[in-house]
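Some notes on the structure that comes next.
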Amino acid sequence: MMRGPRRQQMKNPHVEADQFQRRAAIGFLGIAVAMMGLSFGYFRLQVLQHEEFQTRSEANRIKPRPIVPARGLIFDRNGKLLADNVPAYRLEIVPEQAGNLEQTLAALGQLVSISSDELEQFNAARRVTRGFRPVSLKLRLSEEERDRLAVNRYRFPGVDVVPYLTRRYPYGNLFAHVVGYVGRVDAGDLEAMGDSKDTALTHVGKSGLEKSYETALRGEIGYENVEQNVEGRVLRVINRDPAKPGADLQLSIDVDLQRVAMEAFGELDGAAVAVDPRNGEVLAMVSLPMFDPNLFVNGISHVDYNMLTEDLSRPLFDRNLHGATVPGSTVKPFMGLAGLESGMRRPEDKILSTGEFHLPGVKRGFRDAHAGGHGWVDLRESIAQSVNTYYYKLAVDMGIQRVDEYMDRYGFGRPTGIDLIGESPGVIPSPAWKRKRFKQEWFLGDTVNSGIGQGYWLITPMQLAQGTATLADGGLRQQLHLARAMRHGFQESWQPLPQPAGVRIANNASNVRAVQEGMEGAVNGPHGTARAIAVGAPYLIAGKTGTAQRVSRKGNISLSPHSLPLNQRHQALFIAYAPADNPTIAVAVVVEHGGFGASTAAPIARKIMDAWLIKHTTPMSGVLPETQGKTPLPPDATLDPDEEPAQ
Amino acid sequence: MIAWLRDWLLEFLDKVDWPLLLALSAVMVVSLIVQHSAGGGDSHVVIAQGARFVAGIGGMVLLSRVSPARLRNWTPIAFALTLALMPVVFAIGSGRSARLWINLGFFYLQPGELLKLTVPMMVAWYLHRSPLPPNWRTLAVCALIIGIPVVLIIKQPDLGTGMLVAASGAFTVFLAGIAWWRIGLFAGLGASALPVAWQFLMPYQKDRILTFINPESDPLRTGWNIIQSKIAIGSGGWFGKGWGQGSQAHLDFLPEHTTDFAFSVLSEEWGWIGVSVVFALYLFIVGRCLWIAANARDGYSRLLAGALAMTFSVYVLVNGAMIAGLLPVVGVPMPLLSYGGTSAVSLLAGFGIVMSVRAHRKFMS
């Protein structure tokens, strides 16, 4: 490369300069011709084909714009509004038009209060949104803030105050777990929506009925083609594909009963479900503690969210759907029915309770609640007095396989299918499950424990309510549901939502009747475990108590129930229906750390039933009768012998 | 220090080629006006572009004070250094779809842009000491000097810059007087190699070429840019829609309207008259530079200044044709008009070399 010129090819500067000038001239000529050609290309586009492109440019001023319909409203059974749409104003920024975003945000911060949470959410949303799409900064502006922004509008290009409808839950926390809440569309929602026009939504249902009926409540998004001027301002609407408003929902829940159920718990945590056994309608459904769903609608702050998630009582946790617990003695009516249905027992067959049940060859016994035993008891008495030995023996006689078959038929171990999403299935104790979960063998002792609802059982309050309602309805299981009717528009009439036909779980009605008599005895019999709640009731109650003790604790019962993690709280249970001769309400109540059962869970059930039945026997009065508050409920009700946890 | 700087500047102004400087300034002023509109009145864009011009003019003034002889002596080192940066880009480079930039903290360095200067420098350096017109042996060496950086740049992948670097080298050889029959032979070879080259293109590059052949086949994705740009240009008419009135740009129908499609904005708002005036300015700049080259003192300066001038015209022709749908979309900006850092700086630095050639011209002319 560094070699000098070859001898026969001497460098001649003058020749090279001349050569260059010729080439440069040719090059310039070529470039000039090419540029003229290009200029002609532009001439063709801009002058010769101007008309065509002018037309297409004008057509480009027409942009499609989504129309978001009003979300369907949610009412209780009496037409009280549980989820409402209220007009609100949100602050939006189109990042690409806003110029220096930091300056804009700082200047806006002086006009409206922008929290660090809102700023963070704005920045997160901005990252997944294309620059020319608006991003919400603040979802609710106060009237003052709106006025201040209106005056200063000119200072902020790309900043807009947009009127829209936002969700409001007038009853606050009362329906937190039932109606649920809507929340800001997040990255996950956007992914699920894909390219559909739903991406125009600002809110979607995140929990409760808002989520399970999302499609119906949402309606269908419409589109309109609008003409814009050069600044992007809308001049006129050219055509419109109208939105279809969301459907309204009518629930079977009664606001007043719901409130009674909540207040009946006082300071206690727990869950209660009341259903109409004749049709599966849920009348009240509370999970305590509750939270205010309104907090979630426009983006919950970190402080609020942490308070909710760090609370040991877990307010966000829906105990009715997920709070599966050991059913304890509440399982006995179902076990009893299984015994009759399987032919292992007749109602009048008597079993001797000596206070302790022994498996052959095992020294340690399984105890009864009464130290000396209950003597000879038949099915009815075994339920009324909650006699463990009767069920120890029954479970062993039936064998765990057969027990499981019947429990499955009664709806345990699988979701009830209520119209909410994510219901826990619970667990029916079985050797297969124990092996899978604990990698341990099944012992006969496990079968014995299963007979009285201890051991490997897990049942949700919803399943208990379903089971109770089924017994109340003579063995016919109705599909539990919260939404009972829907209407597509304000002027339309309510269309009942079809429910599947009831499933008969018992072959013989007299078997169910025997169990019912046992439950009536538990409340009204001379030795009934829950006889305290019958006092002063103008109607006949049938019920069954139960206890679930999670962790053995001695001596620290005085601890505040709120200071213990959920999984260490023991639970008092009570299931009931009334009036016993013609049931119109069935209730399941679970009280956490509920001291001793009949004294905590049963009175709550009583208050719920009073509110429903006394109100309904005096249909014209909107207010509950005075007597209801005065109904004597002995504060120190007889200690339920059943509450002694079985070993 | 101040006094020295003042004298230095005065000397620059004394020796500078005023016609070229004025024409360049005119293009830069047009650029700032167009950017103000294309950026939607965002002063940020205008200020950033202005800052780059200031940096570029600084580089231009500096290089115009370096004598061509000294530049020539540094050429092999400069070429080796810029070529050595290419592997660095592959290792730590960043970029949206291709690894083009090295982040220097305060500035994104794009080695491909530097090679636009150093490749013609190196070819000119080699040719000026070889007998001209170039023989086969000389041409083979030139092919290596041009080919290695071009292949590396296209691998990045940056087809536009690769093309421009190749063109700058090829123009040097052309100006050195390569025989016409050899040019014909190379053109024939190149044309027959096209199907092979096609295999090596990235999918998005193939996409762009296919879309160019039939833009309406894909009106929502790749074809969108070309269609919207043609609408922008065509709707401009004779006189344009007026500054800041281009609905295509302002309603976001036109993509990349501050960078590759900045000239579409100009066409929409200023019409064919505006387009022609800007084309005339560009042609004047090219012509003036070639005239300066023709009067250069030595072979190196001549070849280098001439090659830079001709390469500049390629920017204009390729970008202008691309946005009008006359060529496939390649990432070539409209020189000095499009928003973009390294390109403006390296272009102005190139003009600094031309100005130096002018300042050290032959005495007899």
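Only one of the numbered conditions (1) assigned to a loop (DSSP other than H, G, I, E, B); (2) within 21 Å of A:G546 (Cβ to Cβ); (3) in contact with a Ser or Thr (Cβ under 9 Å, 6 or more places away or on another chain) is not met by A:R345, and that is (3). Looking at (1) facing chain B (nearest Cβ under 8 Å); (2) at pLDDT 85 or above, which is the one condition that is false for A:V33? Failed condition: (1). Inside the range B:148-178, residues that are more than 17 Å from B:A124 (Cα to Cα) and hydrophobic (A, V, I, L, M, F, W, C) make up a count of 6.
Applying the criterion of being touching a helix residue (DSSP H, G or I) at 6+ places or on another chain (Cβ under 9 Å) and modelled with pLDDT of 90 or more to the residues of the range A:50-77, the residue that is surrounded by the most Cβ atoms within 10 Å (Cβ to Cβ) is A:I74. Residues of the range B:175-195 being in contact with a helix residue (DSSP H, G or I) (Cβ under 6 Å, 6 or more places away or on another chain) and not small (G, A, S), which ones? The answer is B:L175, and nothing else.
Considering only the range A:395-407, I want to know if a residue exists there that is within 31 Å of the chain's Cα centre (by Cα), over 30 Å from A:E214 (Cα atoms) and of a type in the set (D, E, K, R). There is at least one residue in the range A:395-407 that is within 31 Å of the chain's Cα centre (by Cα), over 30 Å from A:E214 (Cα atoms) and of a type in the set (D, E, K, R). Residues in the range A:92-132 that are of a type in the set (A, V, I, L, M), touching a Pro at 6+ places or on another chain (Cβ under 7 Å) and at pLDDT below 80: A:V94, A:A98. Cβ-Cβ contacts under 9 Å between residues 6 or more apart (or on different chains), taken from a first residue in the range B:320-334 that is free of Cβ contacts under 8 Å to residues at least 12 places away in the same chain to a second residue that is of a type in the set (A, V, I, L, M, F, W, C) and assigned to a loop (DSSP other than H, G, I, E, B), are listed as B:A321/B:L327.
Looking only at the range B:256-271, decide whether some residue is part of a loop (DSSP other than H, G, I, E, B) and at the interface with chain A (Cβ under 10 Å from one of its Cβ atoms). Among the residues of the range B:256-271, not one is part of a loop (DSSP other than H, G, I, E, B) and at the interface with chain A (Cβ under 10 Å from one of its Cβ atoms), which makes the answer no. Please indicate, with yes or no, whether at least one residue in the range A:82-91 is under 30 Å from A:R140 (Cα atoms), assigned by TED's automatic domain parsing to the domain that holds A:G158 and at pLDDT below 80. No. Test A:L308 against the stated conditions and say whether it is touching a residue at least 24 places away in the same chain (Cβ under 8 Å) and of a type in the set (A, V, I, L, M). Judged against the criteria, A:L308 is not a match.
State all residues of the range A:279-293 that are farther than 22 Å from A:K206 by Cα and out of contact with any Leu (no Cβ under 9 Å at 6 or more places or on another chain); if no residue qualifies, say none. Answer for the range A:279-293, where residues must be farther than 22 Å from A:K206 by Cα and out of contact with any Leu (no Cβ under 9 Å at 6 or more places or on another chain): just A:N279. Of all residues in the range B:346-360, at least one satisfies being within 14 Å of chain A (Cβ to nearest Cβ), among the β-branched types (V, I, T) and either part of a helix (DSSP H, G or I) or surrounded by fewer than 23 Cβ atoms within 10 Å (Cβ to Cβ) (or both). Is it true that A:N306 is in contact with a strand residue (DSSP E or B) (Cβ under 9 Å, 6 or more places away or on another chain) and part of a helix (DSSP H, G or I)? Against the criterion (in contact with a strand residue (DSSP E or B) (Cβ under 9 Å, 6 or more places away or on another chain) and part of a helix (DSSP H, G or I)), A:N306 does not qualify.
Got at least one residue in the range B:96-104 being within 13 Å of chain A (Cβ to nearest Cβ), in a loop (DSSP other than H, G, I, E, B), modelled with pLDDT under 90 and crowded, with 19+ Cβ neighbours inside 10 Å? So far as the range B:96-104 goes, no, none of its residues is within 13 Å of chain A (Cβ to nearest Cβ), in a loop (DSSP other than H, G, I, E, B), modelled with pLDDT under 90 and crowded, with 19+ Cβ neighbours inside 10 Å. Here B:G287 does not fit the description of being under 17 Å from A:F40 (Cα atoms), within 12 Å of chain A (Cβ to nearest Cβ) and assigned to a helix (DSSP H, G or I).
Report, by residue number, each residue of the range B:144-185 that is surrounded by fewer than 18 Cβ atoms within 10 Å (Cβ to Cβ) and modelled with pLDDT of 85 or more. The answer is B:L144, B:G147, B:I148, B:V151, B:W180, B:W181, B:R182, B:I183, B:G184, B:L185.
With respect to the conditions (1) without any contact (Cβ under 8 Å) to a residue 60 or more places away in the chain; (2) more than 10 Å from chain A (Cβ to nearest Cβ); (3) buried (at least 23 other Cβ atoms within 10 Å of the Cβ), B:A309 lacks only one, and its number is (2).
Here the condition is being surrounded by fewer than 20 Cβ atoms within 10 Å (Cβ to Cβ) and outside the structural domain of A:L81 (by TED's automatic domain parsing); of A:V282, A:V303, A:V273, it holds for A:V303 alone.
Condition first: more than 19 Å from A:L340 (Cβ to Cβ) and assigned by TED's automatic domain parsing to the domain that holds A:A271. Can you find one or more residues in the range A:405-414 that meet it? Scanning the range A:405-414, I find at least one residue that is more than 19 Å from A:L340 (Cβ to Cβ) and assigned by TED's automatic domain parsing to the domain that holds A:A271, so the answer is yes. Taking the residues in the range A:575-589 that are in contact with a Pro (Cβ under 9 Å, 6 or more places away or on another chain) and among the hydrophobic types (A, V, I, L, M, F, W, C) as candidates, determine which candidate is nearest to A:W612 (Cα to Cα). Taking the candidates together, the pick is A:I585. Selection within the range B:290-306: residues that are of a type in the set (A, V, I, L, M) and out of contact with any Asp or Glu (no Cβ under 9 Å at 6 or more places or on another chain). The member of this set that is farthest from the other protein chains (Cβ to nearest Cβ) is B:L304.
Has the range B:147-158 got any residue that is closer than 30 Å to B:P203 by Cα, within 11 Å of chain A (Cβ to nearest Cβ) and part of a helix (DSSP H, G or I)? No, every residue in the range B:147-158 fails to be closer than 30 Å to B:P203 by Cα, within 11 Å of chain A (Cβ to nearest Cβ) and part of a helix (DSSP H, G or I).
If the condition is being assigned to a loop (DSSP other than H, G, I, E, B) and within 26 Å of A:L209 (Cβ to Cβ), then the range A:144-187 contributes A:Y169, A:P170, A:Y171, A:A176, A:H177, A:V178, A:V179, A:G180, A:V185, A:D186.
In the range A:327-341 there is at least one residue matching the filter, namely being under 30 Å from A:M262 (Cβ atoms), of a type in the set (K, R) and assigned to a helix (DSSP H, G or I). Residues in the range B:272-284 that are surrounded by 22 or more Cβ atoms within 10 Å (Cβ to Cβ) and facing chain A (nearest Cβ under 8 Å): B:W272, B:V275, B:Y282. Looking at B:S43, B:S25, just one residue is hydroxyl-bearing (S, T, Y), surrounded by fewer than 19 Cβ atoms within 10 Å (Cβ to Cβ) and within 14 Å of chain A (Cβ to nearest Cβ), and that residue is B:S43. Residue selection: A:V230 fails the criterion of being under 23 Å from the mean Cα position of the chain (by Cα) and either outside any loop (DSSP other than H, G, I, E, B) or modelled with pLDDT under 90 (or both).
The values are calculated or read from the model by the stated rules, or taken from the named source; none is laboratory data. Quick caveat, the model's predicted, so the values are computed rather than measured. Positions of Cβ are backbone-derived with ideal geometry, glycine not excepted, and every protein chain shown enters the neighbour counts.
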